[in-house]
Amino acid sequence: MLAALTLLLVFQLLGEVIARALALPVPGPVIGMALLFVTLLLRGGPSEDLRQTAGTLLQHLSLLFVPAGTGIVLYGDRIAAEWLPLTVALVGSTALAIIVTALVLRALTRRQTTTGGPRQ
Amino acid sequence: MTPALDEIWVYLSASPLLGLTLTLAAYQAAFWLYRRAGFHPLANPVLLSVAMLAGVLLITRTPYQTYFDGAQFVHFLLGPATVALAIPLYAQWPKLKSMAGPLVIALVAGSLTAALSAWGIGAALGASRESLMSLAPKSVTTPIAMAVAERLGGLPSLTAVLVISTGILGAIGARYIYRWLRIDDHAVRGFAIGIASHGIGTARAFQLSEQAGAFAALAMGLNGLVTALSLPWIMPWVERLAGR
């Protein structure tokens, strides 16, 4: 548990250092995820300890967004003034993004299955 | 209130303990309700927790910064949790690799749809320029969205709120959209919700299956990358085309 947590923090730290050193627009943790992923590919999978610690963290992933979400209390005035465009834009664009992504991916993977022969 | 209680309140409201405890307690209460509601999407635990906490802050007139001094310990774990997404990603690698081409095309289509439709709908309904630029990157994970909004001339902290709202909306609505479009493949379901609703959508996808969660995590990471690289030059061009 402790070793796995340390490993995750080390990869995050590496990611942050790379992001700043190369002035990348991508945040450190995302680079850390990519680095850990490549490491897992090279080493042939995570240890049991790492798998369990990651599972525990990801099981409560929703909780980690609560502090930032509570920041809504700072925007009472703007939301009162622009609630209609903001709400419609959020609902509409979220639904459209899900619909477009899902339909494109389904159409492409179906065609791949029919022209590329049976896939497992 | 007796003087003693008063003093306790003064102490607690200045210490990080209260914000941290409140966050954990609110989330567990919200999760209990979510389970009692049979994991109904409308009882989304992030939505319920934020509603409870915002209510408490407003009623007790506690500044957000005071609350966040405690809650930041939870917020901090977003970093290692993002790194931890590499593990489910690794577990699903063979399937991800076999779908690489379609995934890239769906990624570009979904990423552009999310940003441009948010901007277009907001602009058509008269949102201010600051709000529009805060809306454009709202489908990607909070730190990327905030950085992109800042570069576009939006308000980063407003973007954080719009990002979380988008995540909650996707987590609530995806099931109905999939049922309507008859989409059953967990890979497709996970990828689409990851594109539209970043980490909160990914959390929701993990409740469906590990496969859906891994595809959502991949979509979230890739959309963050595409959005960070493309929006800073696409949005000025869109504004010029729209004559704004």
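With respect to the conditions (1) out of contact with any Phe, Trp or Tyr (no Cβ under 7 Å at 6 or more places or on another chain); (2) closer than 26 Å to B:Pro94 by Cα; (3) not in a loop (DSSP other than H, G, I, E, B), A:Leu14 lacks only one, and its number is (2). Comparison of A:Leu41, A:Leu103, A:Leu96, A:Leu64 shows that the only residue that is over 26 Å from B:Arg204 (Cβ atoms) and out of contact with any Pro (no Cβ under 9 Å at 6 or more places or on another chain) is A:Leu41. Residue count for the stretch B:98-110 under the criterion of being in a helix (DSSP H, G or I) and either aliphatic (A, V, I, L, M) or in contact with a strand residue (DSSP E or B) (Cβ under 8 Å, 6 or more places away or on another chain) (or both): the result is 8.
From the list B:Gly201, B:Gly122, B:Gly194, B:Gly126, the lone residue that is within 9 Å of another protein chain (Cβ to nearest Cβ), at pLDDT 90 or above, closer than 22 Å to A:Leu84 by Cα and surrounded by 23 or more Cβ atoms within 10 Å (Cβ to Cβ) is B:Gly122. Residue selection: A:Ala3 satisfies the criterion of being in a helix (DSSP H, G or I), at pLDDT 90 or above and in contact with an Asp or Glu (Cβ under 9 Å, 6 or more places away or on another chain). Filtering A:Leu40, A:Leu90, A:Leu36 for residues that are surrounded by 14 or more Cβ atoms within 10 Å (Cβ to Cβ), within 7 Å of chain B (Cβ to nearest Cβ) and either farther than 30 Å from B:Val161 by Cβ or among the acidic types (Asp, Glu) (or both) leaves a single hit, A:Leu40. Screening the candidates B:Leu57, B:Leu22, B:Leu89 for the property of being closer than 19 Å to B:Ser165 by Cα and surrounded by 15 or more Cβ atoms within 10 Å (Cβ to Cβ) yields one hit, B:Leu57. Residues in the stretch A:49-66 include at least one that is hydroxyl-bearing (Ser, Thr, Tyr), more than 7 Å from chain B (Cβ to nearest Cβ), closer than 26 Å to B:Asp69 by Cβ and part of a helix (DSSP H, G or I). Against the criterion of being surrounded by 14 or more Cβ atoms within 10 Å (Cβ to Cβ), over 16 Å from the mean Cα position of the chain (by Cα), free of Cβ contacts under 8 Å to residues at least 24 places away in the same chain and farther than 25 Å from B:Val161 by Cα, A:Arg51 qualifies. Return the residues of the stretch B:140-173 that are polar (S, T, N, Q) and over 18 Å from B:Ser128 (Cβ atoms); say none if nothing qualifies. Passing the criteria: B:Thr141, B:Thr142, B:Thr166. Of the set (1) facing another protein chain (nearest Cβ under 9 Å); (2) closer than 24 Å to B:Ser230 by Cβ; (3) more than 20 Å from the chain's Cα centre (by Cα); (4) without any contact (Cβ under 8 Å) to a residue 12 or more places away in the chain, all apply to B:Ala100 but (1). Can you say whether B:Ile168 is in contact with a helix residue (DSSP H, G or I) (Cβ under 7 Å, 6 or more places away or on another chain), of a type in the set (Val, Ile, Thr) and modelled with pLDDT under 95, as far as the supplied structure shows? In short, yes.
Restricting attention to the stretch B:87-118, the residues being more than 22 Å from A:Ala107 (Cβ to Cβ) and in contact with a Ser or Thr (Cβ under 8 Å, 6 or more places away or on another chain) number 1.
Across the stretch A:1-19, the number of residues qualifying as surrounded by fewer than 16 Cβ atoms within 10 Å (Cβ to Cβ) and not aliphatic (A, V, I, L, M) comes to 1.
Taken over the stretch A:67-78, the residue count meeting the criterion of being more than 7 Å from every other protein chain (Cβ to nearest Cβ) and crowded, with 21+ Cβ neighbours inside 10 Å is 0. Does B:Ala149 count as more than 9 Å from every other protein chain (Cβ to nearest Cβ), surrounded by 24 or more Cβ atoms within 10 Å (Cβ to Cβ) and under 22 Å from B:Ser230 (Cβ atoms)? Judged against the criteria, B:Ala149 is a match. Cβ separations smaller than 6 Å between residues 6+ apart or across chains give the following pairs from the stretch B:75-89 residues that are closer than 11 Å to A:Phe11 by Cβ and at the interface with chain A (Cβ under 7 Å from one of its Cβ atoms) to residues that are part of a helix (DSSP H, G or I) and of a type in the set (Phe, Trp, Tyr): B:Val83/A:Phe11; B:Ala86/A:Phe37.
The values are calculated or read from the model by the stated rules, or taken from the named source; none is laboratory data. Since this is a predicted model, take the numbers as computed values, not measurements. Heads up, the Cβs are rebuilt from the backbone with ideal geometry, glycines too, and the neighbour counts pull from every protein chain shown.
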